[in-house]
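The structure appears below as structure tokens.
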Amino acid sequence: MLILVISVGLAQTSGKQVITSDKAPKISGPYSQAILTGNTLYLSGQIAIIPETGKMDTMDIRSEVRRVLGNIGIVLNAAGMSYNNVVKTTIFTTDLRNYLIINSICGEFFKEKFPARETIQVEALPGMVKPTSRYQLWR
């Protein structure tokens, strides 16, 4: 399982604008899919949720990575941007042994002027643990 957190730079007007797309997974807490402020777009982290069903896409790591990046693309598109605008990514994974697979699939989405990136192994990610507050972590 993986989460990507992306900051995107693109010249826009100043102020704080909430960016949403009904084609992306619905949010499950007090946050936005993305916020545009000044000339920077901040995207919330994504997990491999199938937007049409709200269910996790856990067939295999390749499917999960493609789903996460596809969901990010939907939100980028809602902001009038693309993967070419991405300047930084952070990848959280529960198993760094999948690094080569993750890296390969990222190369399918980021074609040129690759973003800066780090990849970090964590113990758990949203969708893996039972929620303990009034906000659901998954559907």
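The values are calculated or read from the model by the stated rules, or taken from the named source; none is laboratory data. Model, not experiment: these values are computed from the prediction. FYI the Cβ positions are ideal-geometry reconstructions off the backbone, even for glycines, and counts take in every protein chain you see.
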Would you check which residues across the range 83-104 are in a helix (DSSP H, G or I) and not β-branched (Val, Ile, Thr) and list them? Tyr83, Asn84, Asn85, Leu96, Arg97, Asn98, Tyr99, Leu100, Asn103, Ser104
Which of (1) more than 13 Å from the chain's Cα centre (by Cα); (2) closer than 21 Å to Leu125 by Cβ; (3) of a type in the set (Ser, Thr, Tyr) is the odd one out, the single condition Thr37 does not satisfy? (2)
Among the residues of the range 34-82, count how many are of a type outside the set (Ser, Thr, Tyr) and not in a loop (DSSP other than H, G, I, E, B). 26
Looking for something in contact with a Leu (Cβ under 6 Å, 6 or more places away or on another chain) and surrounded by 18 or more Cβ atoms within 10 Å (Cβ to Cβ) - is there at least one such residue anywhere in the range 14-30? yes
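Residues checked against (1) of a type in the set (Phe, Trp, Tyr); (2) touching a residue at least 24 places away in the same chain (Cβ under 8 Å); (3) within 22 Å of Phe114 (Cβ to Cβ); (4) crowded, with 17+ Cβ neighbours inside 10 Å:
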site: Glu52; (1), (2), (3), (4): no, no, no, no
site: Val68; (1), (2), (3), (4): no, yes, yes, yes
site: Val75; (1), (2), (3), (4): no, yes, yes, yes
site: Leu96; (1), (2), (3), (4): no, yes, yes, no
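The rows are residues; the columns are (1) within 14 Å of Ala24 (Cα to Cα); (2) modelled with pLDDT under 90; (3) among the charged types (D, E, K, R).
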| site | (1), (2), (3) |
| --- | --- |
| Gly70 | yes, no, no |
| Leu96 | no, no, no |
| Glu123 | no, yes, yes |
| Pro126 | no, yes, no |
